[in-house]
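Here the structure comes first, spelled out in structure tokens, and everything after it is commentary.
Just so you know, all these numbers are worked out from the coordinates, no wet-lab data involved. In this text the structure is predicted, and so the values were computed from the model without any measurement. In this analysis, Cβ positions are derived from the backbone assuming ideal geometry, glycine residues included, and neighbour counts consider all displayed protein chains.
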Amino acid sequence: MRKDDYIKLWLMDREAGICIFEQSFEEMPKTLASDLVTGFFYAMLTFSNEIASQDVEFIQMRDIRIVFHGQNRLLFAIATKNGADHEFTERLLRDLEHRFQDKYKELLDKGFLNNTAVFEGFANEVEAEIGKKSTTVAFVQNQVDKLKIRYESVKTDFNQLKQSLECDVKSITSSLVRYIKEQVKPPRFKQLDTYRPALAPDRKGKDA
């Protein structure tokens, strides 16, 4: 095993379709947000299960290979250089899966994967297994914080848009009412001549 062959490790919650743990040992050729990367993994694995009822084992690129492991709720994925020993990488992922399940068995049994800060200690075990210090370690809280910030920003923008629309509607309504008043002339009334009905002849007096 060459420790420089290992680039990045992801741990994904299949049920939620999100990355709950991410550990980098060196930078990928291009930087992408972990939620985009694992979203792609999730879509690809879902597709492979739909058409073949099995997971994709690895993705082979020109310089990088991404190997997957995990049949249950947790999915491990690791990016390596093509020179990495593939069999060793598969054994490494199996060992990391067993370590993780043993270390966090109680949380896994209860399904409590939302408070992922408790997984910080697992990063040290990964470093010891690979023999290489990580450059960054990230948890799902980072993504949640970003989503909260984004939500507040969208909420603020929506309220501003709502206020702007209300002002525009009031302005348009006032202008329309003013225009109608200017265009509509008050009705003119013509006084009719007084009509007095003719008196009927007094038949009684005439007959007399």
Estimated inter-spin distance, V56 and R14, nm [label 7 Å along Cα→Cβ]: 1.6 nm
Residues whose placed amide H lies under 5 Å from that of K8, excluding near-sequence neighbours: F25, A79
Protection proxy ranking of 11-19, 85-93 - average other beta-carbon atoms within 10 Å, highest first: 11-19, 85-93
Kirkwood-type radius of the stretch 1-78, with distances r between different C-alpha atoms, in Å: 13.1 Å
Label-point separation in nm, N82 to S164, each point 7 Å along Cα→Cβ: 5.0 nm
Added length on full extension, which subtracts the Cα-Cα distance from 0.36 nm per residue, L108 to F40: 22.1 nm
Which listed pairs, of K8/K81; K30/K103; K8/K132, have C-alpha distances above 22 Å, in listed order: K30/K103
Most to least packed among 55-64, 40-49 [average Cβ atoms within 10 Å]: 40-49, 55-64
Listed peptides 104-110, 33-39 by packing density, highest first (mean Cβ within 10 Å): 33-39, 104-110
Mean shadow area of the stretch 3-139 over all directions, Cα convex hull, nm²: 7.9 nm²
Distance (nanometres) between label positions extended 7 Å along Cα→Cβ at Q101 and T173: 6.4 nm
